[in-house]
Structure formats: C-alpha cells, structure tokens
Amino acid sequence: MTTAALIGCGDVSIVHLEAIEALADSQLLAVCDTDPVTAADVAGRWGVPPFADHHSMLAAVRPDVVHVCTPHDQHAPVVLDCLAAGVSVIVEKPLAHTLAEAEKVVAASDAAPAARIGVCFQNRYNQTVQATRRALESGSLGAVLGGTATLSWHRTADYYRARPWRGEAARSGGGVLINQAIHTIDLMQWLLGEVTAVSGRAGRYLLDPPIDIEDTASVVLEHAGGARTVVFATNAGVVDSPITTEIVTEQATLLIRQDLTITWADGRVETVAERRAASGGRGYWGVSHKLLIADFYARLGDAEPFWIGPREAMKSQRICAQVYDLSADG
C-alpha cells in the first residue's frame with residue numbers, strides 16, 4: 001500500500017485526489033492548505049484529517065508520496081521540505097516560479113535520489129501525443145521540417161481575482177507562457193528535439209493593472225536537427241479554443257486539435273482519437289493526469305529517476321525564462 005497526502009487544495013487538486021482514489025493500492029492520509037477552511041472542506045469530502053501547515057502534516061502522517069498543488073511560488077519550498085523528509089513528490093507544473101528556485105529543486109533531487117520526483121506534464125501521456133511521438137521516431141515520415149502551435153484561451157479579471165497569485169509575477173513567475181502554454185512548449189521540445197536557440201516576446205495587451213503578468217506571447221524555437229517551432233499563446237481570446245499543434249515532415253503533416261490527423265503526401269489520411277475527460281477537473285487540463293500519477297506510483301521502486309523529473313521539467317522552464325529575459329530587454 002502506497003500512502004499519499006496532498007498539499008494545496010486549489011482547483012487542480014481534484015484531479016490528483018481522483019487519481020489517488022482510482023489506484024487500488026494507494027491510500028490518502030491527509031490534505032493540507034494554508035487556508036484552514038479550505039483544508040477542512042476538502043478533508044471532509046475525502047474523509048481524512050486537514051492540516052494548515054505542511055511541516056506538521058509530514059511529521060504526523062509520514063506519507064510515501066506528497067502531491068504538491070500549491071501556487072507556483074510555493075512549489076520549490078514545499079518540494080524541498082518533502083525531499084528533506086525523505087518523501088517522494090508529484091508536483092504540478094511549473095517546477096518553480098523562477099529559474100533559480102527550480103535549480104534548487106534539481107540540486108536537492110540529485111542529492112536525495114531515494115525520493116522520487118514527478119512533474120505534471122501530463123499531456124505527454126495523451127494518446128494523440130504518444131501516437132505522434134511513435135510516428136516521428138519510426139522514420140516513416142522523413143525529416144521533420146518544423147512545427148507550429150497555437151493556444152488561444154480566455155481569461156477575465158474574475159479569474160485573477162479568484163486566485164490573486166495568478167496575476168502577480170512575483171508569485172506566479174509569469175502569465176500565459178508559464179501558467180498555460182508551458183505544456184505546449186514542453187510538447188514541442190519533446191517531440192521535435194533539443195532546443196538550441198530561443199527568441200520571442202511576452203507582453204500584456206488586454207489585462208489591466210494591478211495584474212503585472214503577460215497575457216500574450218510569441219516564441220520561436222530552433223531545434224538541433226534543423227527544425228523550427230513557432231508557438232503563439234494568448235489569454236485574450238474570446239473563448240477557450242482547442243490547442244492546435246501542427247508538425248510538418250517530408251512525408252506528412254500531423255495536426256493535433258483534440259484528435260490527431262496525419263495527412264500523408266500521397267493523400268492518405270489517418271486519425272487517432274483522444275480520450276475525453278471524465279473528471280471533476282477542467283477539460284483544458286487534458287485527460288492524462290491519472291495516467292501520469294499511476295505511472296509514477298508504479299515506478300517508485302525503480303532504480304532510475306522518474307522520466308518526467310526536475311531535469312526534464314527544466315527544459316521548458318529555461319525556454320520560458322529566456323523569453324521573459326528577452327521581453328525585459330525589449
């Protein structure tokens with residue numbers, strides 16, 4: 001039996017709690033939130049004790065795994081405390097709100113190899129993404145020429161009023177790029193290969209102060225194999241449109257817009273359907289949290305680190321940081 005606890009009872013915590021419940025050999029021991037009312041409410045629904053302080057929780061229940069679903073600026077401090085206690089961690093993206101804090105997690109992870117860390121880039125487990133990865137690795141598509149990705153979502157002032165940290169760069173680390181589009185950045189670098197150069201800008205075009213984060217970003221990535229990726233992301237859209245990802249190769253074009261369509265140069269068309277969300281969580285979080293979490297639990301006894309760990313998460317974190325630096329310079 002693997003025991004678990006959850007820190008941070010905000011919106012995304014529901015998919016983690018559902019994933020823990022779905023595992024036959026796992027048991028939720030406690031939940032923690034700095035808001036005692038929120039902690040008590042979630043604890044009551046899941047039949048476990050609430051804690052307002054994660055130090056007290058770690059000392060009292062000693063879980064095998066902690067799920068970190070806090071605001072971004074609390075990711076690194078909580079993860080570091082868990083590692084120091086010898087507890088494995090699943091943390092929501094990003095790894096931390098700044099590159100410096102993320103690097104602390106990498107160093108601590110290297111120094112505590114017995115404790116596993118998984119980072120929630122769950123879209124890598126999507127059926128469409130897995131099928132795309134297999135197709136690219138097969139060699140049948142020929143050389144990869146490049147890709148484009150578009151995220152156009154809608155965020156109002158109420159979204160930031162509900163969770164003020166989301167609109168504060170000092171706590172969130174940024175806006176649409178690090179909070180929403182980081183999943184897309186992660187997929188493009190994972191699918192098309194090592195990123196050797198980054199250019200781009202991020203800015204605020206619609207959101208009003210006191211929000212000090214960007215609502216729109218454009219990024220160009222150069223990959224080691226010669227391919228180029230262009231990513232456009234905005235929270236100034238009028239609706240939450242499906243994320244669109246297109247990869248162009250010598251032999252085919254692969255388009256993910258919910259489902260995957262592969263259009264071959266000879267006219268053949270193949271499709272791969274994506275799973276549909278069946279969760280209390282939001283549809284735009286994707287459908288694969290449960291798969292990632294189940295895989296993480298299954299690999300706890302492995303000698304090797306979890307495949308989406310701190311070093312892997314740093315790849316997209318560094319890209320975001322470079323865009324923010326370029327935007328500040330510009």
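Numbers below:
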read-out	value
Extended-chain gain in nm, criterion 0.36 nm per residue less alpha-carbon gap, GLN251 and ASP25	76.9 nm
ASP53-GLU137 pseudo-label distance in nm [points 7 Å out on the Cα-to-Cβ vector]	4.7 nm
Centre separation in Å (Cα based) which lies between the stretch 210-271 and the stretch 133-149	13 Å
Per residue accessible area of the chain, 1.4 Å probe, in Å²	43 Å²
Cα gyration tensor of the stretch 101-202 - equivalent ellipsoid semi-axes, whole Å, descending	28, 22, 14
Viscosity 0.692 mPa s, 37 °C: Kirkwood-radius Stokes-Einstein D of the stretch 108-167 over Cα pairs, µm²/s	201 µm²/s
Most fluctuating residue given options GLY47, GLY147, GLY309, as computed from a GNM of the chain linking Cα atoms under 10 Å	GLY47
Kirkwood Rh, angstrom, the stretch 196-330 [1 / mean 1/r, Cα pairs]	18.3 Å
Given charges at beta-carbon only (K, R positive; D, E negative), |dipole| of the chain in Debye	340 debye
Gain on full stretching of the segment that runs from ASP295 to ALA107 - 0.36 nm per residue minus C-alpha separation	65.3 nm
Whole-number percent relative contact order across the chain, with pairs defined as alpha carbons under 8 Å at least 6 apart	19 percent
Check: the stretch 149-218 dipole with +1 on Lys, Arg Cβ and -1 on Asp, Glu Cβ, in debye	160 debye
Additional length obtainable on full extension of the chain from ASP302 to ASP35, 0.36 nm per residue less Cα span	92.5 nm
Amide H partners (placed H, <5 Å) of ALA115, local residues excluded	none
Calculated FRET efficiency for the pair ALA273/ALA224, C-beta based, R₀ 35 Å, to 0.05	0.65
HIS154 versus ASP208: modelled label distance in nm, points set 7 Å from Cα along the beta carbon direction	1.9 nm
Rough spin-label spacing in nm, given labels placed 7 Å along Cα→Cβ, for ASP259 and SER199	3.8 nm
Where only C-alpha atoms are counted, convex hull volume of the chain per residue in Å³	135 Å³
Contact order relative to length of the stretch 174-330, as percent, for alpha carbon pairs under 8 angstrom and 6 or more apart	22 percent
The chain - mean residue ellipticity at 222 nm from DSSP helices (-39,500 (n - 2.57) per run, n ≥ 4, rounded to 500)	-10500 deg cm²/dmol
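The values are calculated or read from the model by the stated rules, or taken from the named source; none is laboratory data. Quick caveat, the model's predicted, so the values are computed rather than measured. Glycine also receives a Cβ, built like all others from the backbone with ideal geometry; neighbour counts cover every protein chain displayed. Ligands, DNA and RNA are stripped out before the accessible areas are found, and what is left, the full protein with its side chains, is counted by its heavy atoms. Shrake-Rupley method; radii C 1.70, N 1.55, O 1.52, S 1.80 Å.
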